[in-house]
Every structure is written in C-alpha cells, then in structure tokens.
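Report on the following structure.
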Amino acid sequence: MTDLAKKNAVLVHALSSAMRSTGNGLGTVPGLLKQVIAEESWREFTTPLGHPVRHERFVDFITEPSPDGLGADVGLVERICADDPEAASLLTQALKGQQGRRTDFVSNVHEVGRPAGNTKAAALRRLQEGAPDLHAEVLAGRLSAHAAMVQAGFRHKAVTVPVDRPESVAKTLRKHLTPDDLAALVRLLTDNT
C-alpha cells in the first residue's frame with residue numbers, strides 16, 4: 001500500500017469510529033464524511049492492523065463491515081447527514097450512478113437508497129441536477145431547500161388554512177393570493193354548475 005493509503009487510513013478510521021459512537025460523536029460524522037469523499041480516502045486505505053483495503057464503489061465502503069468499511073446502512077448515513085446540506089449533497093453525488101449496475105434482472109426495488117419524495121435530500125438532488133445556482137444558495141445557507149424548489153418551479157407554493165374558522169381561511173388567502181386570484185376563487189366558489 002502507498003503512503004496515501006496510510007494517510008487515508010487516519011481519516012477513514014476517524015469516520016468509522018464516529019459512526020459507532022453515540023451522542024456528540026455522531027455530530028462529527030458529516031464533517032468527516034465530507035472530507036473522506038472530497039479526498040476520496042474511502043477508495044484506498046489500510047485497516048488498523050495494516051491490511052490494505054480498496055473500494056471501487058462508495059456504497060461498498062459504507063456497507064462493508066468494519067474495518068474494511070463503515071458497516072452501516074446507507075439510509076442511516078443519509079439521516080445522520082440530513083441536517084448538513086453540503087454533506088447530504090456530497091453523499092448523494094458519491095452514491096449517484098451506483099444504482100442499476102446489475103443487468104440480470106428487472107425490478108423497481110432500489111439497489112442503493114436514494115432521496116425520494118419531498119425530503120430535503122431529494123430536493124438537494126433535484127436542485128443539483130436542474131438548478132445548480134439555487135443548489136449553491138441552499139448549500140451556502142442563504143435559501144431553504146423548499147424555497148429553492150419553489151423558486152425553481154419544481155414545487156408549488158402551498159399554504160395551510162384552518163378550515164374550522166372561515167374568517168381565518170379568508171385572512172390566510174388574502175395574505176397569499178393576488179386580488180385577481182381572489183376574484184377568480186370567489187367566482188369558482190359561487191358558481192353553481
């Protein structure tokens with residue numbers, strides 16, 4: 001193994017140790033993960049006993065039992081990094097393209113977990129692919145993932161109205177709708193056909 005593999009080992013072992021810890025130790029995972037991905041330390045390192053380890057796929061590094069990997073579930077790592085937009089984005093990128101490697105079956109089951117639905121990770125993935133400028137704003141903390149999705153046109157702006165009090169419904173709708181939209185709504189509500 002190379003000197004680089006020995007250097008990578010320090011970082012990989014720190015991440016592996018943080019993943020196995022509880023409490024405050026887990027808080028260091030996103031930062032360590034960002035560094036492991038950025039430096040590609042996960043590709044080649046040595047175990048604490050000096051055995052060489054090589055990975056071609058990041059998902060294998062995550063799921064391979066310790067000391068050859070983190071011995072973790074992809075979903076767990078995603079949840080730990082969910083509050084760090086940069087770590088979540090780097091994780092998504094590192095896992096990207098590792099799905100569908102097998103061609104010997106057809107299935108709608110995901111081989112590798114991926115962000116779905118209206119999760120923050122799913123929003124970051126969609127923004128990274130379709131609106132990189134807004135993605136950068138979210139990573140910089142200047143915009144929420146939801147606001148960026150609305151601004152990009154990937155989600156519709158929505159409001160919640162209390163249906164038990166008509167005056168509250170009216171107040172909420174006046175706040176969020178234009179006068180023309182309110183007039184159209186009145187027409188729709190009073191149309192008897």
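What follows draws every value from the coordinates through simple rules; no lab data is involved. Since the model is a prediction, treat every value here as computed from it, not as a measurement. FYI the Cβ positions are ideal-geometry reconstructions off the backbone, even for glycines, and counts take in every protein chain you see.
Worth pointing out:
- Divided by 2.2 N^0.38 Å, where N counts the residues, the Cα radius of gyration of the range 1-85 comes to 1.00.
- Put a plus charge on the Cβ of each Lys and Arg, a minus charge on the Cβ of each Asp and Glu, and nothing anywhere else: the dipole of the range 1-85 about its Cα centre is then about 200 debye.
- Neighbour counts of other Cβ atoms within 10 Å put 155, 126, 187, 54 in the fewest-to-most order 187, 54, 155, 126.
- Put in line by how crowded their Cβ is, counting other Cβ atoms within 10 Å and starting with the fewest, 167, 129 read 167, 129.
- Based on DSSP H segments of at least four residues, each scored -39500 (n - 2.57), the chain has a per-residue ellipticity at 222 nm of -16000 deg cm²/dmol.
- Cα-centred dipole magnitude for the chain, charges only on beta-carbon of K, R (+1) and D, E (-1), debye, nearest 20: 360
- Cα lying deepest toward the dipole's positive end in the chain, options 161, 123, 62, charges on Cβ: 161
- Calculated FRET value between residue 152 and residue 191, using beta carbons and R₀ = 30 Å, to 0.05: 0.35
- In the chain, Cα pairs under 8 Å separated by at least six residues give a relative contact order of 12 percent.
- Working note: Debye formula, equal point scatterers on the alpha-carbon atoms of the chain, no solvent; log10 I(q)/I(0) at q = 0.13 Å⁻¹ is -0.79.
- Residues 59, 150, sorted so that the one with the fewest Cβ neighbours within 10 Å comes first: 150, 59
- Simple rule: put +1 on each Lys or Arg Cβ and -1 on each Asp or Glu Cβ in the chain, find the dipole, and look at 50, 4, 150; the Cα lying farthest toward the positive end is 150.
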